[in-house]
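Enquirer: I'd like to ask you about the structure that follows.
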2 protein chains.
Amino acid sequence: MPRQHFDSLDIKILEMLSNNARKPFLEIARETHISGAAIHQRIQKLTSAGVILGFRTEIDPAAVGYQTCAYIGFILNDPTKFDEVVARLREIPEVVDCHFTTGTYDIFARIYARNNAHLLEIIHKRLSLGLGRTETLISFKEVFKRPVPIVSENLE
Amino acid sequence: MPRQHFDSLDIKILEMLSNNARKPFLEIARETHISGAAIHQRIQKLTSAGVILGFRTEIDPAAVGYQTCAYIGFILNDPTKFDEVVARLREIPEVVDCHFTTGTYDIFARIYARNNAHLLEIIHKRLSLGLGRTETLISFKEVFKRPVPIVSENLE
DNA sequence: CCTGAAATTTCGAGCCG
DNA sequence: CGGCTCGAAATTTCAGG
């Protein structure tokens, strides 16, 4: 959704919820001197407006059996085949995101696999589409990860 | 954290919570024929074990003023300077993640900026470290994004 | 893993600008 | 009408077993 009319209360709610989706609404209410029900209503509105896309639980991939994380860049032969590649990527549950990009690659995706052999298997058996070629960047380590900052100046 | 001893209840909880961090514990309880308090205890244990890393609210970046998303790959002159680059990246709040990679780049990061001019400003003013060179891939569109699948077979 | 109680979330009704 | 408060029912959280 494009930008909406936010007031400073919306900003505070988004800031507080960003890092902790289960932060008690009454805590937010006390910090903003407003009723818990009003906070609840604001959050519903932000959700139905598409500003809040969802509440996700971040799970350690290694703890659930994914030792390998990789980026895959696609260089397409035929630049009209984006949708075909995306359809194939959607069918592979280990692919967690997919972007259309400019620069070295046309499509750029991220994938989790059980191990390097599993990654290779996915690339060879499920990503050899005959539509172009791929390059793989394996991640040794995710050094940090954090949400986008909520900055009220961005909205003025 | 490395892999733990999960039972099928843990798996179910992680599956259900993954897409909806605010799913009522009592709903999970009813679907698993167990008390709400027991679900609560399991979730606490999964959190303190580092399996659950946190509960995040996913916010549409465009709605809070970020029109540009980009990947930045670093090719370092001196491969021992990883930590120095990471320290600089951490100071830039618009940088949302950072990986050590093998392949074309040594370090690979993702960044959100207000617009292309803002992205260029960050790259020129804050990422010209004299430690190597960078390549930028701009994302036109995030086609999809989803959590890693929780698959019990991965844990056997 | 359960019970039970206090705090919190959720939702409908009503109030006020 | 839109945004808030109040109050009741459902849920979360925590202590104790």
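Enquirer: Using a label point 7 Å beyond Cα on the Cα-Cβ vector, give me the inter-copy distances for A:Ala38 in nanometres, one decimal, shortest first.
Expert: Nearest first, the other copies' label points are 4.2 nm away.
Enquirer: In square angstrom, what is the accessible area per residue of chain B with a 1.4 angstrom probe? Mind showing how you got there, number by number?
Expert: Working: 7740 Å² over 156 residues.
Per residue, chain B has an accessible area of 50 Å².
Enquirer: Taking the simple approach of a point 7 Å from Cα along Cα-to-Cβ for both B:Lys125 and B:Glu27, what is their distance in nm?
Expert: 4.5
Enquirer: Which one, A:Thr47, A:Ser35, A:Ile11, projects farthest toward the positive side of the charge dipole computed for chain A from Cβ point charges (K/R +1, D/E -1)?
Expert: Projecting each Cα onto the dipole axis, the largest value belongs to A:Ser35.
Enquirer: Using the beta-carbon distance between B:Asn19 and A:Glu135 and R0 = 22 Å, what value does 1/(1 + (r/R0)^6) give for FRET efficiency, to the nearest 0.05? Kindly include the intermediate steps, with their values, before the conclusion.
Expert: Values: r = 31 Å, r/R0 = 1.39.
That gives a FRET efficiency of 0.10.
Enquirer: In whole percent, how big is the carbon plus sulfur part of the accessible area of the stretch B:8-57, probe 1.4 Å, protein atoms only? Show your work: numbers first, answer last.
Expert: Details: 1340 of 2530 Å².
Its accessible area is 53 percent carbon and sulfur atoms.
Enquirer: Distances from A:Thr102 to the same position in the other copies: list them in nm, one decimal, shortest first, using label points 7 Å from Cα along Cα→Cβ.
Expert: 3.4
Enquirer: Right, here's the next one. Amide H neighbours of B:Val96 under 5 Å, at least 5 residues apart or on other chains, H built in the peptide plane: list them.
Expert: HN-HN under 5 Å from B:Val96: B:Arg110, B:Ile111, B:Tyr112.
Enquirer: Sort largest first and round to whole Å: the equivalent ellipsoid semi-axes of chain B, each the square root of five times a Cα gyration tensor eigenvalue. Before the final figure, lay out each step's value.
Expert: Numbers: eigenvalues 296, 75, 34 Å².
Working from the Cα gyration tensor, I get semi-axes of 38, 19, 13 Å.
Enquirer: Something else now. Take the Cβ-Cβ distance between B:Gln67 and B:Asp97 as r, set R0 to 25 Å, and report the resulting FRET efficiency rounded to the nearest 0.05.
Expert: Working: r = 19 Å, r/R0 = 0.76.
The computed FRET efficiency comes out at 0.85.
Enquirer: Turning to a different aspect of this structure: Rounded to the nearest 100 Å², what's the accessible area chains A and B bury against each other, both chains counted, probe 1.4 Å? Walk me through the numbers before you get to the answer.
Expert: Values: alone 11130 and 11130 Å², together 15470 Å².
Counting both chains, the buried surface is close to 6800 Å².
Enquirer: What size of dipole, in debye to the nearest 20, comes out for the stretch A:8-57 about its Cα centre when the only charges are +1 on Lys and Arg C-beta atoms and -1 on Asp and Glu C-beta atoms?
Expert: Details: 7 positive and 4 negative charges, 25 e Å.
So the dipole magnitude of the stretch A:8-57 works out to roughly 120 debye.
Enquirer: Hey, another quick one. Using a 1.4 Å probe, how large is the accessible area of B:Arg42, given in Å² and rounded to the nearest 10?
Expert: 70
Enquirer: Here's something else I'd like to know. Quick check on my link table: of B:Lys45/B:Lys145; B:Lys45/B:Lys141; A:Lys23/A:Lys145; B:Lys23/B:Lys45, which ones sit more than 29 Å apart, alpha carbon to alpha carbon?
Expert: Details: B:Lys45/B:Lys145 27 Å; B:Lys45/B:Lys141 38 Å; A:Lys23/A:Lys145 20 Å; B:Lys23/B:Lys45 17 Å.
Going by Cα-Cα distance, B:Lys45/B:Lys141 fall outside the 29 Å limit.
Enquirer: Taking A:Glu156 in one copy and the same position in all the others, each labelled 7 Å out along Cα→Cβ, what are the pairwise distances from the first, in nm, shortest first?
Expert: Nearest first, the other copies' label points are 5.9 nm away.
Enquirer: If you don't mind, another one. Using square roots of five times the C-alpha gyration tensor eigenvalues, list the equivalent-ellipsoid semi-axes of the stretch B:8-57 in whole Å, biggest first. Walk me through the intermediate numbers first.
Expert: Details: eigenvalues 52, 30, 17 Å².
They are 16, 12, 9 Å, listed from largest to smallest.
Enquirer: Can you tell me the dipole magnitude for the protein assembly as shown around its Cα centre, using point charges on the Cβ only (Lys, Arg +1; Asp, Glu -1), in Debye to the nearest 20? Walk me through the numbers before you get to the answer.
Expert: Values: 38 positive and 38 negative charges, 84 e Å.
Dipole about the Cα centre, nearest 20: 400 debye.
Enquirer: Now a separate question. Could you calculate the FRET efficiency of A:Glu153 with A:Leu53 from 1/(1 + (r/R0)^6), where r is the beta carbon distance between them and R0 is 25 Å, rounded to 0.05? Display every interim value, and only then the final one.
Expert: Numbers: r = 22 Å, r/R0 = 0.89.
Using R0 = 25 Å, I get an efficiency of 0.65.
Enquirer: At 1.4 Å probe size, with the rest of the protein present, what percent of the exposed accessible area of the stretch B:61-139 is carbon and sulfur atoms?
Expert: Numbers: 1570 of 3360 Å².
On the stretch B:61-139, the fraction of accessible area on carbon and sulfur atoms equals 47 percent.
Enquirer: Any residues in the stretch A:56-70 that have 40 Å² or more less accessible area with all protein chains than in their chain alone, probe 1.4 Å, and which are they?
Expert: A:Arg56, A:Thr57, A:Glu58, A:Ile59, A:Asp60, A:Ala63, A:Val64, A:Tyr66
Enquirer: Once every DSSP H run of n ≥ 4 in the protein assembly as shown is given -39500 (n - 2.57) and the sum is divided by its residues, what mean residue ellipticity at 222 nm do you get, rounded to the nearest 500 deg cm²/dmol? Don't skip to the end; give the middle numbers.
Expert: On the way: 10 runs with 106 residues, N = 312.
Helices in the protein assembly as shown give a 222 nm mean residue ellipticity of -10000 deg cm²/dmol.
Enquirer: Residues of B:134-144, mean number of Cβ from any other protein chain within 10 Å of their own Cβ, rounded to a whole number?
Expert: Partner-chain Cβ atoms within 10 Å, mean over residues of B:134-144: 6.
Enquirer: Give a residue-ordered list of calculated ³J(HN,Hα) values for the stretch A:149-156 (Karplus: 6.51 cos²θ - 1.76 cosθ + 1.60, θ = phi - 60°; whole Hz; x for Gly, Pro).
Expert: x, 9, 10, 5, 4, 5, 9, 7
Enquirer: Taking the Cα centre of the stretch B:87-137 as origin, work out the dipole magnitude from +1 charges on Lys and Arg Cβ and -1 charges on Asp and Glu Cβ, in debye rounded to 20.
Expert: On the way: 7 positive and 6 negative charges, 25 e Å.
So the dipole magnitude of the stretch B:87-137 works out to roughly 120 debye.
The values are calculated or read from the model by the stated rules, or taken from the named source; none is laboratory data. Quantities reported herein were computed from a predicted structural model and do not represent experimental measurements. Methodologically, a virtual Cβ is constructed for each residue, glycine included, from the backbone with ideal geometry; neighbour enumeration extends over all protein chains shown. Note: accessible area is taken over every heavy atom of the protein model, side chains too, but ligands, DNA and RNA are not part of it. Shrake-Rupley method; radii C 1.70, N 1.55, O 1.52, S 1.80 Å.
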